[in-house]
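Laboratory data are not the source of any read-out in this text; all were calculated from the coordinates shown. In this text, all values refer to a predicted model and were calculated from it rather than measured experimentally. Cβ sites come from the backbone with ideal geometry, for glycine too, and all protein chains shown count toward neighbours.
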Amino acid sequence: MSVLVNKDSKIIVQGFTGSEGTFHAGQMIEYGTNVVGGVTPGKGGQTHLDKPVFNTVKEAVDAVAADTSIIFVPPAFAADAIMEAADAGIKVIITITEGIPVADMIKASDYVKDRDCRLVGPNCPGVITPDEAKVGIMPGFVFKKGKVGIVSKSGTLTYEAADQVVKQGLGITTAIGIGGDPIIGTTTKEAVELLINDPETEAVVMIGEIGGQLEADAANWYKSSGSSKPIVGFIAGETAPAGRTMGHAGAIVGGSDDTAQAKKKIMRACGIHVVDSPAEIGKKVAEVLG
Amino acid sequence: MNLHEYQGKDILSSFGVRIQRGIVAQTADEAVAAAKKLTEETGTGWHVIKAQVHAGGRGKGGGVKLAKNLEEVQSIADQIIGMNLITPQTSAEGKKVHQVLVAEDVYYPGPSETSEFYMSVLLNRATGRNMIMYSTEGGMDIETVAEETPHLIFTEEIDPAVGIMPFQARRVAFNLGLSGAAFKDMTKFVTALYTAYVKSDSSLFEINPVLKTSDDKIMAVDAKVTIDDNALYRHKDYVALRDIREENPIEVEAKEVGLNYVDLDGNVGCMVNGAGLAMATMDLIKQAGGEPANFLDVGGTADAARVETAFKIILKDPNVKAILINIFGGIVRCDRVAQGVIDAYKNMGSVPVPIIVRLQGTNADIAKDLIDNSGLDVLSATEFQEAADKVHEVLA
């Protein structure tokens, strides 16, 4: 088992023929991911990386039964691409694009809410189920198969956490990069819930950062779920000053309740094993798994 | 992108939001000319001279003053322009004032009492929708109102599919206790304000105070406007509104070369790929006994030119006593980054502070060998904790 993506996922790449899309689609295929085609409006009928190119997502769904999409479309057109995927019946829409205007994401997030699909991202590294499917931009070799699920707002910090977990002799079921924007599809709580409910996942690593209430919501859900699966948590940005955006558009301390300290306090109160040092994530996972 | 009050008011006005009118001035003489012109246009007798800096609480620092005649306009403008304005939102040194807004007096006597409200438009991150937040307690610090009298703060969330509806505008006006002409004007005001927010692609409007004048008009007396940087491509006319004098010069320089840099007060500089890892690295520096001197995300391509630029930017801060480079190589290969560090170091001749390089991920071993055999005074590490320990050592 795994969540969101696996070896049977039929994946298309939106923004397939662009430089980002081409490079990362190539890496995904090399990893063994089941990429069934791509979409670039106006280039339908061509073949790219030995896969068919379609003009619309709907065509890709009809022709190759695509159920998962990864979006590399530039920011100005990315919200439209998300809505097109949702409209065409794609079930899992993973958006890598960084820098989408907030107003566009308000519309896209509202649009996907009423449809039978799940949005991951934007501004995220994607989702990986080791040995099955890499639907993202992460370095695949870091993620060895195992029993630990990872949820994270950040890209490289996810790789760091996975690397630490693997060095403890453990591995990963699925790692979900949820993204660092103010508006994202799948929330921390939803991603944690997916992993807690996954029978193969025995522990979850939850990596958050300053800004917003997502980690607090996830912690409160975890407490009320009564789950006995351990969660190891880390929040980046304890040293970040208030009112400044730290790289990720959503990483900004707005008040007293979205600082790293406040989030860690709630997480601890909800039974999450919080580490203060980002160097101790892997060790703590090994410890809680005994 | 943050705007000055006068720029924010221009945008509001362009969408039909009534504002306290004013003219911006760079010198005391310009301020007097502006005051004369404003009197002709609006009939105002008195003028308010307002420092234009990107910080709130200007009144508390002496940056907002009433002038009852042209001599006072001259002397007050002369005093404010060039001053270092210190407010609760600036650093201890304050912010240099380059210009003032000469504004009409809107607190004139009339048939009813004036009253002040608070109103902001912003994203509710919990729901992914915009909301209007407003309060009867205008002119006060909204954080204080939230703490002391939270029941006096109201919110109106807007459905993105239909926008602000008339019943919502009426509810705002009712909750603010208005009636008659002022009620009607408030419904227009709040509708126009929300429209302006959406059409200008703003990420924050804060109007404090919104004034009900003694003749029942509703207007914005102040305006804090932040435009969504990611949406600036569709507002070419707003790009020119950026005032880099208000920004940290090192941050401006970093931005020009595409580096995401935030200046901090500490003594250990850092260079990291990825925002989350960069924040985590800052936290680790603190735990190792240092204080982070900056946030710096070098992004996905850490070649020699980029590393060198990043080095130079970090070293502009005289407080930096050590630099920690933390790169998790994924798509970026660590040996490339290591070569970049070595080349940058050699190009610069010498770097005056100890450097700790921690490379992990793709080709980390080759990278460590490159650093260790380079003959340069660079400490290498592969594990995160090891890097922290080395920071601790060099600071001791």
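Kindly express, to the nearest 10 degrees and within the range 0 to 90, the angle between helix B:180-199's C-alpha long axis and the longest C-alpha principal axis of chain B.
Roughly 30 degrees between the two axes.
Projecting each Cα onto the charge dipole of chain B (Lys/Arg +1, Asp/Glu -1 at the beta carbon, about the Cα centre), which of B:Y261, B:H54, B:V272 comes out farthest on the positive side?
In chain B, that residue is B:H54.
Roughly what % of Cα-Cα distances in region B:256-296 sit above 12 Å, to the whole percent?
52
Taking chain B as the reference, fit the longest principal axis to its C-alpha atoms, fit the long axis of helix B:28-42 to the helix C-alpha atoms, and give the angle between the two in degrees, 0 to 90, nearest 10.
40
Once you wrap a convex hull around the alpha carbon atoms of region B:195-320, what is its projected area averaged over all directions, in nm²?
Mean orientational projected area (region B:195-320, Cα hull): 11.2 nm².
Got the relative contact order for chain A handy, in percent, Cα pairs under 8 Å and 6 or more residues apart?
14
Using a ≥ b ≥ c from the Cα gyration tensor of region B:1-85 (square roots of the eigenvalues), is it rounded, prolate or oblate, where a/c under 1.5 gives rounded and otherwise the larger of a/b and b/c decides, a/b for prolate?
oblate
Within 10 Å of each Cβ in B:328-334, how many Cβ atoms from other chains are there, averaged over the peptide?
5
For region B:182-303, give the magnitude of the charge dipole about the Cα centre (Cβ charges: +1 Lys/Arg, -1 Asp/Glu; no others), in debye to the nearest 20.
640
What whole-number volume per residue, in cubic angstrom, does the convex hull of the C-alpha atoms of region A:2-134 give?
91
How large is the dipole of region B:271-376 about the Cα centre if only Lys and Arg carry +1 and Asp and Glu carry -1, each at its Cβ, rounded to the nearest 20 debye?
Dipole of region B:271-376, to the nearest 20 debye: 140 debye.
Comparing A:A240, A:A60, A:A85, which has the greatest mean-square fluctuation in the GNM of chain A with Cα pairs linked when under 10 Å apart?
Of A:A240, A:A60, A:A85, the Gaussian network model singles out A:A240 as fluctuating most.
Measure of size requested: the Rg and Dmax of region A:137-273, with Cα atoms as the atom set and Å as the unit; please supply both.
14.1, 41
Provide Rg and Dmax in Å for region A:101-212, with only Cα atoms included in the calculation.
Considering region A:101-212 through its Cα atoms, Rg and Dmax are 13.9, 44 Å.
Exceeding 23 Å between C-alpha atoms, which entries from my cross-link table qualify? They are A:K147/A:K263; B:K36/B:K184; A:K189/A:K265; B:K50/B:K96; A:K283/B:K286; A:K107/B:K212.
Listed pairs above 23 Å: A:K147/A:K263; B:K36/B:K184; A:K107/B:K212.
Treating the beta-carbon of each Lys and Arg as +1 and of each Asp and Glu as -1, no other charges, what is the dipole magnitude of the protein assembly as shown about its Cα centre, to the nearest 20 debye?
The dipole magnitude comes to about 580 debye.
State which entries of B:K60/B:K316; A:K223/A:K284; B:K9/B:K60; A:K91/A:K134 exceed 23 angstrom in Cα-Cα distance in the structure shown.
B:K60/B:K316
Calculated FRET efficiency, A:K223 and B:S91, Cβ-Cβ r, R0 30 Å, to nearest 0.05?
The computed FRET efficiency comes out at 0.15.
Let me know the shape class of region B:266-396, please: from the alpha-carbon gyration tensor, a ≥ b ≥ c as square roots of the eigenvalues, rounded when a/c is under 1.5, otherwise prolate if a/b is greater than b/c, or oblate.
rounded
Restricting to Cα atoms and excluding each atom paired with itself, what does the Kirkwood estimate give for the protein assembly as shown in Å?
Here the Kirkwood hydrodynamic radius works out to 27.0 Å.
How about region A:18-108: which trypsin sites (Lys or Arg not before Pro) there are in a DSSP loop, with at most 16 other Cβ atoms within 10 Å of their Cβ?
Taking region A:18-108 and a limit of 16 other Cβ atoms within 10 Å, the loop trypsin sites (Lys or Arg not before Pro) found are A:K43.
Describe numerically, in nm with one decimal, the distance between label points set 7 Å from Cα along Cα→Cβ at B:E113 and at A:T47.
For the pair B:E113/A:T47, the computed spacing is 8.1 nm.
Quick check: the angle from helix B:275-287's long axis to the longest principal axis of chain B, C-alpha only, nearest 10 degrees?
So the inclination is approximately 70 degrees.
Take the Cβ-Cβ distance between B:S179 and A:V288 as r, set R0 to 45 Å, and report the resulting FRET efficiency rounded to the nearest 0.05.
0.15
Pairwise over distinct Cα atoms, reciprocal of the mean inverse distance: report the Kirkwood radius of chain B in Å, one decimal place.
24.0
Please enumerate, by chain and number, the aspartates and glutamates with C-alpha under 20 Å from the C-alpha of B:K37, excluding those fewer than 8 residues away in the same chain.
Counting by Cα, and skipping residues close in sequence, B:K37 has these aspartates and glutamates nearby: B:E5, B:D10, B:D29, B:E71, B:E72, B:D78, B:E104, B:D105.
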